[in-house]
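Okay, structure first, notes after.
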Amino acid sequence: MTDELESTAPIGFASEEIDPTVSTRAARLKWVVVVDRDLPPGRAVNAAVCAAAATQSSVAGLLGEDAADAEGAVHPGLPWSGCSILAADAAALRAIRAKAASYADTFVADMPALAQETLVYADYRAALGKTAAEDVAYCAVSIVGPRNRVGKLVGKLPLLP
């Protein structure tokens with residue numbers, strides 16, 4: 001069982017915390033997605049999007065309200081508190097994931113490389129189930145947690161080019 005599944009405390013924003021009128025830096029929680037910098041662009045984007053999708057569905061209050069343009073067409077809500085997509089080498093990605101997962105008040109969603117090596121989700125789950133935790137390679141890791149802690153975890157990682 002993964003660390004994030006073992007945590008029972010929900011992580012997210014309470015409705016009274018959501019304030020789309022302030023800078024993203026004012027939000028209590030910070031959201032980052034760290035991607036393996038050596039992945040080809042298409043695989044990097046796929047990994048970031050998959051990790052973000054798992055995060056959005058598990059962490060309350062990440063998305064702002066829908067917005068309408070001048071003609072009234074509705075555009076679905078985006079992360080009101082922001083989300084940075086950063087790059088790291090594989091070793092740093094593994095270390096960041098491990099450290100983030102060690103905190104009960106930090107949400108972690110990951111995209112194991114095995115997910116990009118299979119076309120059937122059941123096959124991915126079966127392959128992952130046969131892989132020792134220390135042998136799992138990661139394409140991306142999505143982290144939501146206290147702003148200062150997440151900032152320290154990702155240090156001065158660059159934005160994904």
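The values are calculated or read from the model by the stated rules, or taken from the named source; none is laboratory data. Everything numeric here is computed off the predicted structure, so don't read it as measured data. Don't worry about glycine lacking a Cβ; one is built from the backbone with ideal geometry, like all the others, and counts go over all protein chains shown. Just so you know, the surface numbers come from the protein's heavy atoms only, side chains and all, with ligands and any DNA or RNA stripped out. Shrake-Rupley method; radii C 1.70, N 1.55, O 1.52, S 1.80 Å.
Quick check: at a probe of 1.4 Å, how many percent of the accessible area of segment 1-134 sits on carbon and sulfur atoms?
Result for segment 1-134: 57 percent of the exposed heavy-atom area is carbon or sulfur.
Relative contact order of the chain, please, whole-number percent, based on alpha carbon pairs below 8 angstrom and at least 6 residues apart. If you can, show how the numbers build up before the last one.
Numbers: 267 pairs, mean separation 54.8, N = 161.
For the chain, the relative contact order is 34 percent.
May I ask you to evaluate 6.51 cos²θ - 1.76 cosθ + 1.60, the Karplus curve with θ = phi - 60°, for each residue of segment 13-20 and list the ³J(HN,Hα) values in order in whole Hz, giving x for glycine and proline?
Per-residue couplings from phi come out as 9, 6, 4, 6, 7, 6, 9, x Hz.
Residues with amide H under 5 Å of Cys139's amide H, sequence separation 5 or more or different chain, H placed in the peptide plane at 1.01 Å from N; which?
Met111, Ala113
Hey, what's the chain come to in accessible area per residue, 1.4 Å probe, Å²?
Heavy-atom accessible area per residue stands at 58 Å².
Which residues among segment 32-68 fall inside the zone where the amide N is under 17 Å from a point 7 Å beyond the Cα of Leu78, along Cα→Cβ?
Of the residues in segment 32-68, 32-33, 49, 52-53, 56, 62-68 have backbone N under 17 Å from the label point off Leu78.
Counting only residues 5 or more places away or on other chains, whose amide H sits under 5 Å from the amide H of Thr131 once H atoms are built in the peptide plane?
Amide H neighbours of Thr131, under 5 Å, 5+ apart: none.
Kindly write out, for segment 102-116 in residue order, the coupling ³J(HN,Hα) from the Karplus curve 6.51 cos²θ - 1.76 cosθ + 1.60 (θ = phi - 60°), rounded to whole Hz, with x marking Gly and Pro.
7, 9, 5, 9, 10, 8, 10, 10, 10, 10, x, 4, 4, 5, 8
How many times 2.2 N^0.38 Å is the alpha carbon radius of gyration of the chain?
Output field value: 1.07.
Running a GNM on the chain with Cα contacts under 10 Å, which residue among Ala90, Ala48, Ala127 ends up with the highest mean-square fluctuation?
Largest GNM mean-square fluctuation: Ala127.
Of the trypsin sites (Lys or Arg not before Pro) in segment 15-71, which ones lie in a loop per DSSP and count no more than 14 other C-beta atoms within 10 Å?
Arg28
For the chain, compute the number of Lys pairs whose alpha carbons are separated by less than 22 Å, excluding pairs fewer than 8 positions apart on the same chain.
Counting lysine pairs in the chain gives 5.
Please report the relative contact order for segment 86-154, taking Cα pairs under 8 Å with a sequence separation of at least 6, and give it as a percent rounded to a whole number.
43
When only C-alpha pairs under 8 Å and at least 6 residues apart count, what is the relative contact order of segment 23-89, in percent?
48
In segment 117-150, what trypsin sites (Lys or Arg not before Pro) fall in a loop by DSSP, with at most 10 other Cβ atoms inside 10 Å?
Lys130
What ³J(HN,Hα) values, in whole Hz, does the Karplus curve 6.51 cos²θ - 1.76 cosθ + 1.60 give for segment 50-64 when θ = phi - 60°, with x put for Gly and Pro?
So the J values, rounded to whole Hz, are 5, 5, 5, 4, 5, 5, 4, 6, 10, 10, 5, x, 6, 9, x.
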